[in-house]
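Colleague: A single structure is presented below for examination.
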Amino acid sequence: MSLKINIIGTGYVGLISGVCLSKKGHDVTCFDDNEKIVNSLNKAIPTIYEKNLEEELKEVIRRRKFRAVVPNSSISLIDCDVVLIAVGTPTKKNKIDLSYIKNVSAQIGLELKNSNKFVSVIIKSTVIPSTTDTIVKKIIENKSGKTLGEFGLGMNPEFLREGNAMEDFMNPDRIVIGHEDSKTESLMKKMYKPWGCDKIFVNSRTAEMIKYVNNSLLATQISTVNEYSNISNKIGDIDFKSVMNAVHLDSRWSPILSNGDRIRPKIIDYLIPGAGFGGSCFPKDIKALSSLAKSVNVKSRILNSVIEVNKDQPKHVVERLKEQILTLKEKKILILGLSFKPDTDDIRESISLKLIKLLLRESASVYATDPISIQKVKKNFDSLEINFIEDWQNYLGESDIVVLATSWPQYIKITSPRNKSLLEKKIIFDCRNFLSKEDFPKSTFLNF
């Protein structure tokens, strides 16, 4: 059975959810206040970069299962079975900003006031525990004059990895469904019936907490390993890559099967040291959870440490470069990668940009490249004195230092015989443990 689903917001979560739900047969309408974005989507031109998104968007539009609209008096937010709220929840002064959630909730409440139709309102955005069943519920009830049961309420967190979001939505390892009433539970079962994975049915604040704990645990692993790496670098003469390879072989991380084969779980990818994490989720979610802990009189010592370690990682890159040469002033430094991770154009909380700011303070001459994010950096960071390079391989010979900041697959070309010869007697800092020291015997090779 297909459902009629309205999605408020066409950002990363809203658009991916809309395309994937319509691909499974549901009728989806995405709402956005930006007419330019709406027109672009209806022409099958995605407004974000994600593998396979453009092809799938074209297909669901061709099948007339997906459309985008600008909200107006002739188009109702609640002319559907389910409303998914997928608006932004940014961080302001280290706290989550729920203003978009509140505004949309109020709009839905006003429309429910003059309708007898039952609609389930589902929060898809990442929100702190008690947002859905307290704040959203109260706003909708106040604006509509109705009580829970006359409308439905739930929370359905996303677990999408940028660069793999389409795959993650279509083939999830689990789906968490928070609900405050039985009708919403039933509708969510119908919505996700095409998926055969594990489904966890809980109340909404449990669903909200699952998302935060999931992301915070992954971020904690990253910062913990980075701290161990920083300690090892200060001690000196420790091959930390070998340290972690040995740790990974502990059967509690990498189980050994009865036939002797070893499983390498994906969780191991979060036990590799580097310059820190970025993006739209980890930094924001940890700060929000830490702030929530403070509001309920819990000292979040670990969460605060995760934030501090991550904040300092780019500084370690600069410090270690200065250990090799006395000053970075006027040194030509080439940064490979600007997005916070490969396979995405997302530069939010990008470690590359934080590192560039530090290098510019040292009066270095910064050159940078990225397969798809250059225009976005130019638009959002036009005040930074960055020299953008398209053909990075031809600039290797001109640079004094090369910093691999994002592990885009194409950067493996740096190991070609020609490029290695260009880098002789120069400094290479691999911030992502993407390269091998053995490939650069005549260069000064640094990593975490």
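Colleague: Figure the gain on full extension for Lys299 and Ser186 (residue separation times 0.36 nm, minus the Cα-Cα span) and round it to one decimal in nm. If you can, show how the numbers build up before the last one.
Modeller: Values: separation 113, 0.36 × 113 = 40.68 nm, distance 3.85 nm.
Between Lys299 and Ser186, full extension yields an extra 36.8 nm.
Colleague: Would you work out which of Met155, Ile238, Ile108 lies farthest towards the positive end of the dipole of the chain? Charges go on Cβ: Lys and Arg +1, Asp and Glu -1.
Modeller: With unit charges placed on the Cβ atoms, the residue in question is Ile108.
Colleague: If you don't mind, another one. Under a GNM of the chain (C-alpha, springs under 10 Å), which listed residue has the highest mean-square fluctuation: Lys24, Lys299, Lys124?
Modeller: Lys299
Colleague: Structure shown: which of Lys36/Lys190; Lys23/Lys43; Lys23/Lys287; Lys95/Lys299 lie over 26 Å apart, alpha-carbon to alpha-carbon? Display every interim value, and only then the final one.
Modeller: On the way: Lys36/Lys190 33 Å; Lys23/Lys43 17 Å; Lys23/Lys287 35 Å; Lys95/Lys299 16 Å.
Over 26 Å apart, Cα to Cα: Lys36/Lys190; Lys23/Lys287.
Colleague: Additional query: Just to confirm the number: angle between the C-alpha axis of helix 53-62 and the first principal axis of the chain, 0 to 90 degrees, nearest 10?
Modeller: 30
Colleague: Using the per-residue mean of other Cβ atoms lying within 10 Å as a proxy for protection, in what order, highest first, do the peptides 401-409, 269-277 fall? Provide the component values of the computation, followed by the final result.
Modeller: On the way: 401-409: 22.9, 269-277: 20.3.
Listed from highest to lowest mean packing, they are 401-409, 269-277.
Colleague: From the phi angles alone, apply the Karplus equation (6.51, -1.76, 1.60; θ = phi - 60°) to region 84-91 and give each ³J(HN,Hα) in whole Hz, x where the residue is Gly or Pro.
Modeller: 9, 9, 10, 9, x, 10, x, 9
Colleague: Further question on the same structure: Of Leu328, Thr444, Pro314, which is farthest along the charge dipole of the chain in the positive direction, counting Lys and Arg as +1 and Asp and Glu as -1 at C-beta?
Modeller: Pro314
Colleague: Using only the Cα atoms of the chain, what are the Rg and Dmax in Å?
Modeller: When restricted to the Cα atoms of the chain, Rg and Dmax are 24.0, 75 Å.
Colleague: State the answer as a single residue: which of Ala293, Ile414, Leu355 lies farthest towards the positive end of the charge dipole of region 214-447, with beta carbon charges of +1 for Lys and Arg and -1 for Asp and Glu, about the Cα centre.
Modeller: Checked the options; the winner is Ala293.
Colleague: Under a point-charge model restricted to the Cβ atoms of Lys and Arg (+1) and Asp and Glu (-1), what is the dipole moment magnitude of region 214-447 relative to its Cα centre, in debye to the nearest 20? Each step should come with its number before you reach the end.
Modeller: Values: 34 positive and 28 negative charges, 92 e Å.
That gives region 214-447 a dipole magnitude of about 440 debye.
Colleague: Which value at 222 nm does the chain reach when only helices count, each DSSP H run of 4 or more adding -39,500 (n - 2.57), with the total divided by all residues and rounded to the nearest 500 deg cm²/dmol?
Modeller: Details: 14 runs with 172 residues, N = 448.
Helices in the chain give a 222 nm mean residue ellipticity of -12000 deg cm²/dmol.
Colleague: So in region 4-202, what percent of DSSP beta bridges are antiparallel if you round to the nearest 5?
Modeller: Numbers: 5 of 32 bridges.
In region 4-202, approximately 15 percent of DSSP beta bridges are antiparallel ones.
Colleague: Please go through region 159-261 and write out the trypsin sites (Lys or Arg not before Pro) that DSSP classes as loop and that have at most 11 other C-beta atoms within 10 Å.
Modeller: Within region 159-261, the qualifying trypsin sites (Lys or Arg not before Pro) (loop, at most 11 other Cβ atoms within 10 Å) are Arg252.
Colleague: Can you list which of the trypsin sites (Lys or Arg not before Pro) found in region 379-448 are DSSP loop residues with at most 14 other C-beta atoms within 10 Å? Before the final figure, lay out each step's value.
Modeller: Working: sites: Lys379, Lys413, Arg418, Lys420, Lys425, Lys426, Arg432, Lys437, Lys442; in loops: Lys425, Lys426, Arg432, Lys442.
Counting only loop positions with at most 14 other Cβ atoms within 10 Å, the trypsin sites (Lys or Arg not before Pro) in region 379-448 are Lys425, Lys442.
Coordinate-derived values only; no laboratory data. Since this is a predicted model, take the numbers as computed values, not measurements. When we count neighbours, we look across all protein chains shown, and the Cβ atoms used for this are built from the backbone with ideal geometry, even at glycine.
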